[in-house]
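K.L.:
Sharing a structure here in structure tokens format.
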């Protein structure tokens with residue numbers, strides 16, 4: 001595999017540059033947006049990428065899936081089989097199917113208008129920057145990065161997108177769930193008074209875990225093997241607090257009005273995992289906010305145990321419980337004051353609502369840009385992770401001043417890339 005010339009670091013500070021506007025999608029140049037066929041490119045053809053493609057194809061009658069790219073060719077074939085029901089809306093011949101670590105560049109050069117970024121999040125800053133520079137509208141799955149350098153790059157890309165009139169839509173899906181939106185609206189509007197505390201859980205099973213004793217097969221490089229099992233390596237996934245439980249972390253940010261936290265104190269470790277990967281299997285994080293408010297997140301990836309994904313937001317005038325059946329309990333935590341009732345005929349699938357709103361905005365010529373808030377929610381998850389890994393109280397200011405960069409952007413499949421050691425509190429340091 002060829003290496004890529006893109007590097008996250010070289011882009012930092014370039015947002016103020018003067019840039020040509022050639023290559024903008026026609027939909028933002030005043031042409032007949034209501035009739036134009038939008039060509040979609042999918043970068044990352046796994047389960048979430050295939051789901052995003054399905055939702056994009058369902059969101060608008062005049063779209064086509066035009067090009068696909070993935071590190072591994074079989075993922076493209078599998079994704080196409082799952083999308084076969086869309087018939088003529090899928091128009092991806094062999095010459096527009098690209099495999100390898102540089103596949104994203106070929107997708108961007110294939111004539112697409114909109115790209116869906118769903119590769120492992122370690123690649124997200126690089127792919128986002130390339131898409132914005134190419135003038136493509138972007139849907140980007142969560143999280144936006146796995147380290148501090150990546151988050152800073154995403155912020156620069158978001159600024160650049162504003163200059164180029166390019167849209168960035170996010171994949172923090174619970175912000176599109178109608179019932180959850182309505183419940184959180186009661187918090188952010190002040191209807192329930194000040195948030196006193198919050199406890200959110202994301203207790204589930206590990207996705208695609210390595211098994212004890214598994215090692216890299218002969219004949220392939222370190223990078224290829226790790227990308228194939230990306231959930232198990234922090235430089236690719238960010239670890240479970242970012243890759244999975246970031247939904248709960250994002251809802252902490254949402255409940256607190258997306259203001260900056262003060263600091264985080266956390267614990268975590270590997271209790272059940274015995275594989276050679278380097279991600280933790282549980283975290284408990286206490287986020288400190290201005291005014292003495294503490295928001296706690298409990299995350300766990302243990303198979304076969306109690307599982308739940310529940311937010312409990314305690315406010316002065318009531319307690320919000322969601323997402324399952326969003327409701328508000330009275331100040332005593334007992335009597336139900338409100339419960340979400342879906343309006344007949346309205347879309348309730350949060351993933352679909354996300355894409356419906358994205359494409360509807362594009363048709364109206366409205367440019368969504370959620371890059372800054374996406375970066376901040378990602379950084380909030382990194383804050384919790386780093387507090388657990390170091391065993392220290394890490395402030396928001398300290399994190400932004402860090403120089404953490406977990407991997408070069410020029411890796412190729414055959415490369416040697418040793419697995420980083422599992423972080424040990426008291427030994428591990430925030431770079």
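Each reported figure results from applying straightforward, stated rules to the coordinates on display, with no laboratory input. All figures in this text were calculated on a predicted structure; none of them were measured in a lab. Every residue, glycine among them, receives a Cβ derived from its backbone with ideal geometry; neighbour counts consider all protein chains shown.
K.L.:
For residue 91 paired with residue 165, estimate the spin-label separation in nm (one decimal), with each label point 7 Å from Cα along the Cα-to-Cβ line.
P.N.:
Taking the two extended label points, one gets 2.5 nm.
K.L.:
Taking the alpha carbon gyration tensor of region 62-101, what are the square roots of 5 times its eigenvalues, largest first, to the nearest whole Å?
P.N.:
Semi-axis lengths for region 62-101 are 18, 11, 7 Å.
K.L.:
Specify the inter-centroid distance of region 62-76 and region 274-343, based on alpha-carbon positions, in whole Å.
P.N.:
Each part's Cα centre sits 36 Å from the other's.
K.L.:
Which whole-number percentage describes the relative contact order of the chain, with Cα contacts under 8 Å and a sequence gap of 6 or more? Present the calculation step by step, with values, prior to reporting the outcome.
P.N.:
Details: 933 pairs, mean separation 90.2, N = 431.
Value for the chain: 21 percent.
K.L.:
Sticking with this structure for a sec: The chain: D in µm²/s via Stokes-Einstein (Kirkwood Rh, Cα pairs, 25 °C, 0.890 mPa s)?
P.N.:
The calculation lands on 110 µm²/s.
K.L.:
How far is it, in nm, from the label point at residue 395 to the one at residue 420 when both lie 7 Å from their Cα along the line to the Cβ?
P.N.:
Each label point lies 7 Å from its Cα, and together they span 2.4 nm.
K.L.:
Cα centroids of region 390-427 and region 115-189: how far apart, whole angstrom?
P.N.:
22
K.L.:
Sticking with this one: I'd like the FRET efficiency for residue 267 and residue 294, computed as 1/(1 + (r/R0)^6) with the beta carbon distance as r and R0 of 22 Å, rounded to 0.05.
P.N.:
0.90
K.L.:
Rounded, prolate or oblate: pick one for region 156-236, where a ≥ b ≥ c are the square roots of the eigenvalues of its C-alpha gyration tensor, a/c under 1.5 means rounded, and failing that, prolate if a/b is larger than b/c, else oblate.
P.N.:
oblate
K.L.:
Could you list the square roots of 5 times each eigenvalue of the Cα gyration tensor of region 66-186, that is, the equivalent ellipsoid semi-axes, sorted largest first and rounded to whole Å?
P.N.:
Working: eigenvalues 128, 79, 40 Å².
Each semi-axis is √(5λ); the values are 25, 20, 14 Å.
K.L.:
Below 8 Å, C-alpha to C-alpha, sequence gap of six or more: please give me the relative contact order for region 241-337 in percent.
P.N.:
Value for region 241-337: 17 percent.
K.L.:
Right, here's the next one. Identify which of 350, 144, 272 has the largest mean-square fluctuation in a Gaussian network model of the chain, with springs joining Cα atoms closer than 10 Å.
P.N.:
Comparing 350, 144, 272 in a Gaussian network model of the chain, the most mobile one is 272.
K.L.:
Using Cα-Cα distances under 8 Å and only pairs 6 or more residues apart, what relative contact order does region 117-173 have, in percent? Please list the in-between numbers first.
P.N.:
Numbers: 77 pairs, mean separation 22.6, N = 57.
That works out to 40 percent.
K.L.:
Suppose the chain between residue 84 and residue 215 were pulled fully straight at 0.36 nm per residue; how much longer would it get relative to their current alpha carbon spacing?
P.N.:
Contour length minus Cα-Cα distance gives 43.6 nm.
K.L.:
When a/c is below 1.5 the answer is rounded, else prolate if a/b is larger than b/c, else oblate, so apply that to region 190-256 with a ≥ b ≥ c taken from the square roots of the Cα gyration tensor eigenvalues. Before the final figure, lay out each step's value.
P.N.:
Working: a/c = 5.95, a/b = 3.26, b/c = 1.83.
Prolate is the answer for region 190-256, as a/c is 1.5 or above and a/b outweighs b/c.
K.L.:
At 222 nm, what value in deg cm²/dmol follows for the chain if DSSP H runs of at least 4 each add -39500 (n - 2.57) and the sum is divided by all its residues, to the nearest 500?
P.N.:
After summing the helix terms and dividing by the residues of the chain, the value is -9500 deg cm²/dmol.
K.L.:
Build a GNM of the chain with springs between Cα atoms under 10 Å: which of 265, 293, 112 gets the top mean-square fluctuation?
P.N.:
Greatest mean-square fluctuation among the candidates belongs to 293.
K.L.:
Between residue 199 and residue 410, what is the label-to-label distance in nm when each label sits 7 Å out along the Cα-to-Cβ direction?
P.N.:
5.0
K.L.:
Then there's this: Anyone know which of 292, 239, 269 comes out most mobile in the 10 Å Cα GNM of the chain?
P.N.:
Largest GNM mean-square fluctuation: 292.
K.L.:
So if R0 is 22 Å, what FRET efficiency would residue 427 and residue 228 give, r being the distance between their Cβ atoms, rounded to the nearest 0.05? Don't jump to the answer; show the numbers that get you there.
P.N.:
Values: r = 29 Å, r/R0 = 1.33.
That gives a FRET efficiency of 0.15.
K.L.:
Determine the shape class of region 109-264: with a ≥ b ≥ c the square roots of the Cα gyration tensor eigenvalues, call it rounded for a/c under 1.5, and otherwise prolate if a/b is greater than b/c, oblate otherwise.
P.N.:
oblate
K.L.:
Which order do the peptides 120-127, 223-230, 323-330 come out in when sorted by mean C-beta neighbours inside 10 angstrom, highest first?
P.N.:
120-127, 223-230, 323-330
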